[in-house]
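The values are calculated or read from the model by the stated rules, or taken from the named source; none is laboratory data. Since this is a predicted model, take the numbers as computed values, not measurements. Here the Cβ positions follow ideal geometry from the backbone for every residue, glycine too, while neighbour counts run over all protein chains shown. Remember, those area values only see protein heavy atoms, side chains included, never the ligands or the DNA or RNA. Shrake-Rupley method; radii C 1.70, N 1.55, O 1.52, S 1.80 Å.
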Amino acid sequence: MIDGGFNEQVVKRVNKPKQLIIKIVSVLVLVLTPFVFAGVAILTGIQYIFVVGLFLTLAGIYIVWYIFSQQKVEFEYSVAGNDLDIAKIISLRKRKPVCRVPINEITELTTDEKKIENVRVTKAFVVPRDTDAKDENYYALFNSPAHGKCLLVFSPNEQILEGMKSHLDKGLVIKVFYQNKRA
């Protein structure tokens, strides 16, 4: 069932160089910790410092594992009735709601970033698969009672778009789904 009921999509975030740098730095700190504490223990002659370094290294293994797992981020888009719910899933163990968009409040839905570039928004929700993949990202402007004019950047599939279609403004449906197909 495409446009009735409930539609859901899980989008894995593409890791960027920032995530790679975080991983490399955490591993380097883990590897250097026992050597630093061993050096301090030798220089000071206090063997207790070496034992502290070993315990910190063991704790560091857990911390590095945790840092690596925190880099695995997915976004879940779901359309139920008039609501588009977006949640952030971190490492398959923590789920945080990001936003709930009333679909009938969407005033603009486009794949062209230039159309929304100069619009002033009070809050932006950026939850796409890849922020640099301009061809697959959609930009939605909507009014929120809590935040005012908001921007949503996301990467919906056809099923999510079809689920949204019946609740969108008819002029917007024509512009997004039919005029773009002819061009």
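Which ones in segment 74-98 are in contact with a helix residue (DSSP H, G or I) (Cβ under 8 Å, 6 or more places away or on another chain) and within 21 Å of LYS16 (Cβ to Cβ)?
TYR77, ILE90, SER91
Go through ALA133, ALA140 for me and flag whichever is in contact (Cβ under 8 Å) with a residue 12 or more places away in the chain and either part of a loop (DSSP other than H, G, I, E, B) or on the phi > 0 side of the Ramachandran plot (or both).
Working: ALA140 fails: either part of a loop (DSSP other than H, G, I, E, B) or on the phi > 0 side of the Ramachandran plot (or both).
Exactly one of ALA133, ALA140 is in contact (Cβ under 8 Å) with a residue 12 or more places away in the chain and either part of a loop (DSSP other than H, G, I, E, B) or on the phi > 0 side of the Ramachandran plot (or both), namely ALA133.
Please enumerate the residues belonging to segment 41-71 that are open to solvent by less than 80 Å² (accessible area, probe 1.4 Å), over 30 Å from LYS88 (Cα atoms) and either assigned to a loop (DSSP other than H, G, I, E, B) or in contact with a strand residue (DSSP E or B) (Cβ under 6 Å, 6 or more places away or on another chain) (or both).
GLY45
Consider segment 93-146. How many of its residues are aliphatic (A, V, I, L, M) and out of contact with any strand residue (DSSP E or B) (no Cβ under 8 Å at 6 or more places or on another chain)? I'd like the intermediate steps shown before the answer.
Of all residues in segment 93-146, those aliphatic (A, V, I, L, M) come to 98, 101, 103, 106, 109, 116, 119, 121, 124, 126-127, 133, 140-141, 146.
Right, trim to out of contact with any strand residue (DSSP E or B) (no Cβ under 8 Å at 6 or more places or on another chain) and you get 133, 146.
The qualifying residues number 2.
Exactly one of (1) modelled with pLDDT of 85 or more; (2) surrounded by fewer than 13 Cβ atoms within 10 Å (Cβ to Cβ) is unmet by ALA133. Its number?
(1)
Do we find a residue being open to solvent by less than 30 Å² (accessible area, probe 1.4 Å), within 16 Å of GLN9 (Cα to Cα) and of a type in the set (D, E, K, R) anywhere in segment 117-130?
Of all residues in segment 117-130, those open to solvent by less than 30 Å² (accessible area, probe 1.4 Å) come to 125, 127-128, 130.
Those still in the list that are within 16 Å of GLN9 (Cα to Cα) too: 127-128, 130.
Among the residues that remain, those that are also of a type in the set (D, E, K, R) are: 130.
Looking for residues that are open to solvent by less than 30 Å² (accessible area, probe 1.4 Å), within 16 Å of GLN9 (Cα to Cα) and of a type in the set (D, E, K, R), one finds at least one in segment 117-130, hence yes.
Would you please name the residue that is surrounded by the fewest Cβ atoms within 10 Å (Cβ to Cβ), looking only at residues in segment 143-173 that are aliphatic (A, V, I, L, M) and assigned to a loop (DSSP other than H, G, I, E, B)? Steps first, please.
Step one: list which residues in segment 143-173 are aliphatic (A, V, I, L, M), which gives 146, 151-153, 160-161, 164, 168, 172-173.
Those left that are additionally assigned to a loop (DSSP other than H, G, I, E, B): 146, 168.
Working: ALA146: 9, LEU168: 22.
In this case the residue turns out to be ALA146.
So that you can scan it fast, the table gives a plain yes or no per residue for (1) within 15 Å of VAL10 (Cβ to Cβ); (2) of a type outside the set (A, V, I, L, M):
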| residue | (1), (2) |
| --- | --- |
| VAL51 | no, no |
| PHE68 | no, yes |
| SER78 | yes, yes |
| GLY81 | no, yes |
| LEU84 | yes, no |
| LYS94 | yes, yes |
| ILE103 | no, no |
| ILE106 | no, no |
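Is it the case, given these coordinates, that LEU20 is loosely packed, with under 14 Cβ neighbours inside 10 Å and either touching a helix residue (DSSP H, G or I) at 6+ places or on another chain (Cβ under 7 Å) or in a helix (DSSP H, G or I) (or both)?
So LEU20 passes the test.
Look through segment 5-16, keep the residues that are at pLDDT 90 or above and open to solvent by 70 Å² or more (accessible area, probe 1.4 Å), and return whichever of them is farthest from ARG100 (Cα to Cα). Lay out the reasoning, then the answer.
To start, the set of residues in segment 5-16 that are at pLDDT 90 or above comprises 8-12.
Next cut, open to solvent by 70 Å² or more (accessible area, probe 1.4 Å) only: 8, 10, 12.
Details: GLU8: 14, VAL10: 16, LYS12: 19 Å.
Checked segment 5-16; the qualifying residue farthest from ARG100 (Cα to Cα) is LYS12.
Please enumerate the residues belonging to segment 89-116 that are within 11 Å of CYS150 (Cα to Cα), open to solvent by 50 Å² or more (accessible area, probe 1.4 Å) and assigned to a strand (DSSP E or B).
Of everything in segment 89-116, just one residue is within 11 Å of CYS150 (Cα to Cα), open to solvent by 50 Å² or more (accessible area, probe 1.4 Å) and assigned to a strand (DSSP E or B), namely THR107.
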